[in-house]
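Take a look at the structure below.
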Amino acid sequence: MVVRRPPGRRAQILAVAADRFHRSGYHQVSMTEVAAGVGITAPALYRHFRGKPELLDRAVRLGLDALADGLRAARTADDLGAALAAVAVGHRPLGILVQRDARLLPPARRAALRRELRADVALMTAVLSAERPELPQPDAEMLCWSALSACAGLSYQSVAPQPRRAEAVLRELVAAVLAARPGGAATGPAPVPAPPEPRPQARREELLAAAVRLFHQRGFDNVSTDQLGAAVGIAGPSVYRHFDSKAQLLAASLVRSRERLWHEVDGAIAAATGPEAALAAGLGAYVGFALGHGDYLGAMLSETERLAPPDRRVAVDFRRDFLRTWVALLRQVRPGYDAVEARIRVHALFALVNDGVRNRPHSARPDLGDCLLRLGRAVLGLS
């Protein structure tokens, strides 16, 4: 007797895998869990895919293929917005899979992924440059990267908004980004350097700073205690004089990251008079924090799912409270926005800024702070 596999089984597996990776993080998901989500056994799953790295790779590639198809058909900036919005909604996990989990792929696949993304941006830049020939090439490329990042922000929403509504908002904010002028003075306060790190216990503070940087750059599982110790000039085992485990060091470093982010951004908002001034001050503070502490933001985004459940709940609660503050403030300034639109725009802002400080060569621009302020106002609908 021949047992026939249901049509589209590989696509079904990839959809389940992408959803599980998106919600729980790559390291928290097993092949057995993916198989159960599809309704097959783990051995049957291995007949389709050799392991989790291939599952992640194929899930990312599926979304990027859809993006490339849409961009190749684009002839105008409006077409670009439609393509980006359709992929952001139809492949909602893609943003997180690319920004958080793809760095865990083998080096060759990471390099291939970067090439594919650069090719996508090249397609976008060609269309935008045809419509806006006055734009220098670096500016056109930065606008395209920023539009891509802003749409990826939808991936970070815990609940998917209604698809047509989400696409409409995303198309509008992409149009605003692609119409912006990235250089020059921006409306609102310029980013200010963060205050010096308090150092009551020098070695412990050095370890926290090194942990944030290394966990962000390499991932929690790819950083050893020997590497952590070497980063601050001590032997690996000496790390345990300050922290009981690498997991405790991760938790403490993310607590420190959240404390600094809240202190600097909420402090700027609270010191302003009136909603518009508060939103401008918050935007300036967030951009300033990102410029000075990109590793802090990166580690919070990429490593929260590696925390123990109690610590993870605290981190998720902080993320929700931080978002709620921004959504409420934006709706005061733009009362025409409902909660759905405000959330989409705030997530787009965070993704655009977080990517902007890490996306070379544009992150090396001397006017990066002004660029991010201007683009941040565009996605919030303030310019």
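The values are calculated or read from the model by the stated rules, or taken from the named source; none is laboratory data. If you're wondering where the values come from, they're calculated on a predicted model, not measured in any experiment. Here the Cβ positions follow ideal geometry from the backbone for every residue, glycine too, while neighbour counts run over all protein chains shown.
Looking only at helices (runs of 4 or more DSSP H) that fall completely inside the range 191-300, which ones have 2 or more residues that are free of Cβ contacts under 8 Å to residues at least 24 places away in the same chain and not basic (Lys, Arg)?
On the way: elements: 202-218, 225-232, 246-271, 275-292.
Counting at least 2 such residues, we get 202-218, 225-232, 246-271.
What's the total number of residues in the range 291-331 that are under 19 Å from Leu214 (Cβ atoms) and hydrophobic (A, V, I, L, M, F, W, C)? Looking only at that region, the number is 6. Within the range 118-139, the set of residues being in a helix (DSSP H, G or I) and over 16 Å from Ala74 (Cα atoms) comprises Arg118, Gln137, Pro138, Asp139.
Taken together, Ser149, Ser129, Ser158 contain a single residue that is among the polar types (S, T, N, Q) and either crowded, with 21+ Cβ neighbours inside 10 Å or at positive phi (or both), which is Ser149.
If you go through the range 315-326 one residue at a time, do you hit one that is within 15 Å of the chain's Cα centre (by Cα) and basic (Lys, Arg)? Scanning the range 315-326 turns up at least one residue that is within 15 Å of the chain's Cα centre (by Cα) and basic (Lys, Arg). Taking the conditions (1) of a type in the set (Phe, Trp, Tyr); (2) outside any helix (DSSP H, G or I); (3) under 23 Å from Ala102 (Cβ atoms) in turn, Phe350 satisfies each one other than (2).
Of all residues in the range 324-338, those that are hydrophobic (A, V, I, L, M, F, W, C) and either under 19 Å from Arg100 (Cα atoms) or surrounded by fewer than 18 Cβ atoms within 10 Å (Cβ to Cβ) (or both) total 1. Scanning the range 133-146 for residues that are under 15 Å from Val174 (Cβ atoms) and out of contact with any Ser or Thr (no Cβ under 8 Å at 6 or more places or on another chain), we see that the one that is surrounded by the fewest Cβ atoms within 10 Å (Cβ to Cβ) is Trp145.
Give me the residue from the range 302-312 that is in a helix (DSSP H, G or I) and buried (at least 18 other Cβ atoms within 10 Å of the Cβ) and, out of that set, modelled with the highest pLDDT. Lay out the reasoning, then the answer.
Of the residues in the range 302-312, the ones in a helix (DSSP H, G or I) are 302-306, 309-312.
Then drop every residue that is not buried (at least 18 other Cβ atoms within 10 Å of the Cβ), which leaves 302-306, 311.
On the way: Ser302: 86, Glu303: 90, Thr304: 90, Glu305: 86, Arg306: 87, Asp311: 93.
Checked the range 302-312; the qualifying residue modelled with the highest pLDDT is Asp311.
Quick check: is even one residue across the range 28-40 of a type outside the set (Ser, Thr, Tyr), without any contact (Cβ under 8 Å) to a residue 60 or more places away in the chain, within 28 Å of Ala166 (Cβ to Cβ) and in contact with an Asp or Glu (Cβ under 9 Å, 6 or more places away or on another chain)? There is at least one residue in the range 28-40 that is of a type outside the set (Ser, Thr, Tyr), without any contact (Cβ under 8 Å) to a residue 60 or more places away in the chain, within 28 Å of Ala166 (Cβ to Cβ) and in contact with an Asp or Glu (Cβ under 9 Å, 6 or more places away or on another chain). Taking the range 110-147 as the range and being in contact (Cβ under 8 Å) with a residue 24 or more places away in the chain and among the β-branched types (Val, Ile, Thr) as the test, the residues that pass are Val121, Val127. Against the condition more than 12 Å from Leu97 (Cα to Cα), of a type outside the set (D, E, K, R) and out of contact with any Cys (no Cβ under 8 Å at 6 or more places or on another chain), how does Gly8 come out, does it pass? Answer is yes for this residue.
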